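Derivation of every value follows stated rules applied to the coordinates shown; laboratory data play no part. Given the structure is predicted, the values throughout are model-derived calculations rather than measurements. So basically every Cβ, Gly included, is an ideal-geometry build from the backbone, and we count neighbours across all protein chains shown.
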Amino acid sequence: MPAPHAESVFSRLEPLLPSVQKPIQYVGGELNATSKAWDEVSVRWALMYPDAYEVGQPNQGVQILYEVLNERDWIMAERTYSVWPDMEKMMRENGIPQFTVDNHRPVRAFDVLGVSFATELGYTNLLTALDLAGIPLHAVDRGEEDPVVIAGGHSAFNPEPVSDFVDAAVLGDGEEIVLAISEVIREWKDEGMPGLGGRTSRDELLYRLAVSGAVYVPKFYDVDYLPDGRIKRVAPNASGVPWRVHKHTLMDLDAWPYPKKPLVPLAETVHERFSVEIFRGCTRGCRFCQAGMITRPVRERSVNTIGDMVENGIRKSGFEEVGLLSLSSADHTEIGEVAKGLADRYDGSNVSLSLPSTRVDAFNITLANELSRNGRRSGLTFAPEGGSERMRRVINKMVTEEDLIRTVATAYSHGWRQVKLYFMCGLPTETDEDVLEIGELAKKVIAKGREVSGRRDIRCTVSIGGFVPKPHTPFQWAAQLDHETTDERLKKLRDMVRADKQYGRAIGFRYHDGRPGIIEGLLSRGDRRVGGIIEEVWRDGGRFDGWSEHFSFDRWVDASKRALADSPVDLDWYTVREREYSEVLPWDHLDSGLDRDWLWEDWQDAIDPDSTVEVEDCRWTPCYDCGVCPQMDTEIQIGPTGQKLLPLSVV
Ligand code: SF4
C-alpha cells in the first residue's frame with residue numbers, strides 16, 4: 001500500500017475528464033509503460049517534460065531515463081507532463097495536485113522531480129507544475145517532504161535563470177548520472193536521512209550531490225555583481241563543493257541501446273514513430289549550434305546495434321515508421337550500409353524509414369532514395385542556414401551555391417518534387433543583402449528543378465528561424481539582432497519573393513516573428529536575476545510560451561521592467577548587447593569541456609572579414625583542440641566496423 005500522500009488521484013480526476021480538451025492525454029497506461037508497487041522500491045523519480053503530452057510523450061530523453069531507472073528493481077520512475085490551462089483550472093478548483101500519468105500519483109510524493117528542458121520557453125510550465133504539485137516555487141522554501149527538483153536537457157547548460165526554482169541541474173548525458181544520483185539518495189535514506197555538519201536533512205542530501213562533482217547545486221554558489229550589472233564572480237560557499245561542475249558523457253552507446261521498449265502514445269503526438277539514435281555528438285563546428293558544441297565528441301552506434309534496435313523497437317511497439325536520428329545522420333561513417341541494410345531488410349513490408357536530411361550533398365539524396373524504396377518521395381530538407389556564401393563562412397557552414405544547386409538538381413531528377421531549405425536570420429554581421437540572397441537562391445533552385453525534371457509543379461519551401469545566441473558556443477558573446485530589424489528584413493525578403501512573377505508562386509515562405517526569439521535569448525543567456533522575470537510572467541498568467549497562441553511578448557517586456565526596476569540591467573542588456581572576452585558569463589563555472597579561449601578565437605575568426613579559417617570536422621581531420629576530449633577524458637568513437645546487416649527471415 002502506498003503511503004496516503006502517494007495514493008492515486010484518479011478517482012477524483014476521472015469525473016473531470018469529460019470536461020477538458022483531449023482527456024486521453026491524462027489517462028496513461030500506454031503500451032510498454034511500467035507500473036511498480038510504491039513500497040517495493042527505495043528511490044522514486046517523477047520525470048517531467050514541461051510541455052503537453054503530445055509534445056512531451058515522444059521525447060527520447062525522458063523515455064530513455066524512464067526505462068533505465070525502471071530496470072533497477074529498487075527504483076521507480078513515472079512520468080508527468082504539463083496540463084493544458086483548462087485542466088489546470090479544473091485541478092485548482094477541485095484540489096487535485098500535479099500527477100503522474102502512469103499511476104496518477106501526486107508528484108510531491110516522489111523523491112526526485114527530474115525535468116528535461118529542451119527549450120528555455122518551457123520554464124513557466126515548470127512553475128505551474130510545482131505550484132499544482134504543492135511544492136514551494138523557491139528551492140529555499142522546500143522542506144523534507146518535498147522532492148529534489150533537478151533540471152536536465154540542453155537548457156541545463158545554463159540553468160541560472162531557473163536557479164531559484166530548481167534544487168540542482170545535471171549537464172550532459174543522463175543515463176549514468178540518474179543512477180549515480182539514485183545511489184546517493186538510497187544511501188542517505190538508508191542512513192535515516194541525516195542532517196550533518198549543521199546542515200538540515202535536505203541540505204545534507206543536496207550537499208552530498210554537490211560534492212560528488214557530478215551535480216550542480218546553485219545554492220552552494222554565490223554570485224557577486226559589479227556596479228554596472230555584470231557578474232564579478234561565481235564562487236562556491238561550502239567547503240568541498242567544486243569550483244566547476246562537469247558535463248557527463250556516455251562513452252559506449254552500444255552498451256546502452258535504449259529505448260528497448262518504446263512507449264506507444266495513447267493520444268495523437270508530434271512524432272508517431274520509433275526513433276533510433278545512430279550517433280551522439282557532432283563536430284562539424286557550425287558556430288551557432290549549441291547542440292553540436294555541448295554533445296561532443298562523436299560516438300557512433302555500430303551497424304549491428306542499430307539493426308538490432310530497429311528490429312526490436314518495431315516488434316515491441318508496432319510502429320511502422322522508423323527515424324534514424326542524430327544531429328547530422330548522414331555523417332555516420334557507415335550510413336550507406338545502414339540505409340541499404342535496413343532498406344533490404346524491410347523491402348516490401350509496411351516499415352518506412354527516414355533520415356532527417358540536412359546535409360547538402362548528393363550522397364544524401366542516394367540515402368534518401370534508398371530509404372524511400374517503400375514509401376513516397378514527398379519532401380527533402382536541407383539546411384544551408386546562411387543565405388549568402390559570406391554568411392555561411394561566418395557560421396562555418398561551408399556550402400557553396402554550386403553544391404546546393406547540384407544537390408537539389410539530383411533530388412528533383414530522382415522524382416522528389418518538394419525541397420525545403422532551412423535558414424536563419426539575424427546572424428552576426430548579417431545585412432539585408434545577405435537575407436535577400438535567400439530569395440535568389442530559392443529562385444535558382446526552382447529554375448534548376450524545372451530544367452532537370454521537365455515539370456512545372458516543382459516547389460521549394462524556405463523556412464526561416466531567428467538566430468538566438470546560445471551559451472557554450474562561439475556566438476555566446478554575440479549581440480542578438482533586435483526583433484524589429486529581424487521582422488523588417490524578413491518582410492523585404494517576402495515582398496521580393498512574392499513580387500517575382502516567374503518563380504514567386506513556386507516558393508513557399510515560412511517564418512515566425514522575431515519576438516519569441518528575443519525572450520528565448522533572454523532565458524538562454526540570462527543569469528539568476530532573470531528568475532524574477534520568469535516568476536512575474538508566470539504570476540501574470542504565462543503558460544506554454546513555446547506555443548505562439550499562448551506566448552505574449554508584452555507580458556515578458558512588462559515583467560522584465562518590473563523585475564529589473566532596481567537593477568542596472570534590462571531586457572536589451574541581456575539580448576542585443578555584445579559581450580567582451582573579460583566578462584564573466586553566467587555559465588562559466590559549468591564545464592561543457594569546450595576551451596573558452598578556443599571558443600573566443602573561433603568567434604574572432606567568424607567576425608573577421610579577412611579570415612579564411614575553416615573549422616573542419618575532426619572526425620576526418622586532425623583534432624583542432626576544442627578542448628573537449630582531454631578535458632572530459634573522452635575520445636571520438638567512429639567506424640568503420642565493416643559489419644553488414646542481414647535481412648531477417650521473419651519479415
Ligand atoms: S577535442 Fe579535438 S577530437 Fe575532441 S571533439 Fe574537440 S576537436 Fe574533436
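A few points about this structure:
- Within straight-line cross-link reach of residue 561, aspartates and glutamates at Cα separation under 14 Å, skipping those fewer than 8 residues along the same chain: 535, 536, 540, 570, 572
- Integer Hz, Karplus 6.51/-1.76/1.60 couplings in order for segment 189-205, x for Gly and Pro: 5, 4, 7, x, 6, x, x, 10, x, x, 8, 5, 4, 5, 5, 4, 4
- When the charge dipole of the chain is built from unit charges on Cβ atoms (+1 for Lys and Arg, -1 for Asp and Glu) and taken about the Cα centre, the candidate among 165, 234, 449 whose Cα reaches farthest toward its positive end is 449.
- Dipole magnitude of segment 4-246 about its Cα centre (Cβ charges: Lys, Arg +1; Asp, Glu -1), debye to nearest 20: 400
- Computed from the alpha carbon atoms alone, the convex hull of the chain holds 162 Å³ per residue.
- Relative compactness, segment 454-541, computed as alpha-carbon Rg over 2.2 N^0.38 Å: 1.49
- Cα centroid separation, segment 522-548 to segment 345-402 (Å): 36
- Whole-Hz couplings from phi, Karplus 6.51/-1.76/1.60, listed for segment 213-222; x for Gly and Pro: x, 9, 10, 8, 10, x, 5, 8, 10, 9
- Exposure proxy order (Cβ contacts within 10 Å, fewest to most) of 319, 279: 319, 279
- Kirkwood hydrodynamic radius of segment 563-623, from inverse mean 1/r over distinct Cα pairs, in Å: 14.8
- Pairwise label distance in nanometres, residue 598 with residue 256, each label 7 Å out on the Cα-Cβ vector: 2.1
- When each of 623, 282 is scored by the number of other beta-carbon atoms lying within 10 Å, the sequence from fewest to most is 623, 282.
- Taking the number of Cβ atoms within 10 Å of each Cβ as an exposure proxy, the fewest-first ranking of 620, 603, 547 is 620, 547, 603.
- Taken about its Cα centre, the chain carries a charge dipole of about 2020 debye when Lys and Arg each add +1 at the Cβ and Asp and Glu each add -1 at the Cβ.
- Computed label-point distance, nm, for sites residue 402 and residue 145 using a 7 Å Cα→Cβ extension: 7.2
- Listed peptides 117-125, 458-466, 565-573, 72-80 appear in the order 117-125, 72-80, 458-466, 565-573 once ranked by packing, highest mean of other Cβ atoms within 10 Å at the front.
- Cα pair count fraction exceeding 16 Å, expressed as % - segment 1-66: 60
- When peptides 169-176, 64-71, 30-37, 590-597 are sorted by average Cβ neighbour count within 10 Å, with the highest value leading, the order is 169-176, 64-71, 590-597, 30-37.
- Other-chain or far-sequence residues with amide H under 5 Å of residue 461's (modelled H): 419, 420, 421, 508
- Listed residues 346, 82, 266: farthest to the positive end of the dipole of the chain (Cβ charges): 346
- Based on the convex hull around the alpha carbon atoms, segment 161-295 presents an average projected area of 13.1 nm².
- Within segment 4-246, the ratio Rg/Rh, alpha carbon atoms throughout and Rh by Kirkwood, equals 0.97.
- Segment 139-223 - Rg and Dmax from Cα coordinates, angstrom: 12.4, 35
- Global size of segment 511-629: 18.2, 52 Å for Rg and Dmax (C-alpha atoms, Rg to one decimal, Dmax whole).
- Farthest positive-ward along segment 550-642 dipole, Cα basis, beta-carbon charges - from 571, 638, 587: 571
- Viscosity 1.567 mPa s, temperature 4 °C, Stokes-Einstein D of segment 246-361 from Kirkwood C-alpha radius, µm²/s: 86
- A Stokes-Einstein calculation at 4 °C with viscosity 1.567 mPa s, built on the Kirkwood radius of segment 337-455 over Cα pairs, returns a diffusion coefficient of 85 µm²/s.
- Calculated FRET efficiency for the pair residue 243/residue 7, C-beta based, R₀ 41 Å, to 0.05: 0.40
- Between residue 24 and residue 612, the C-beta separation translates, for a Förster distance of 41 Å, into a calculated FRET efficiency of about 0.15.
- Distance between the pseudo-spin-label points of residue 498 and residue 553 (7 Å out from Cα toward the beta carbon): 1.8 nm.
- Residue pairs, from the table 340/470; 448/492; 36/260; 189/219, whose Cα atoms sit over 26 Å apart: 340/470
- Computed from Cα atoms, the angle from the helix 432-453 axis to the main principal axis of the chain rounds to 60 degrees.
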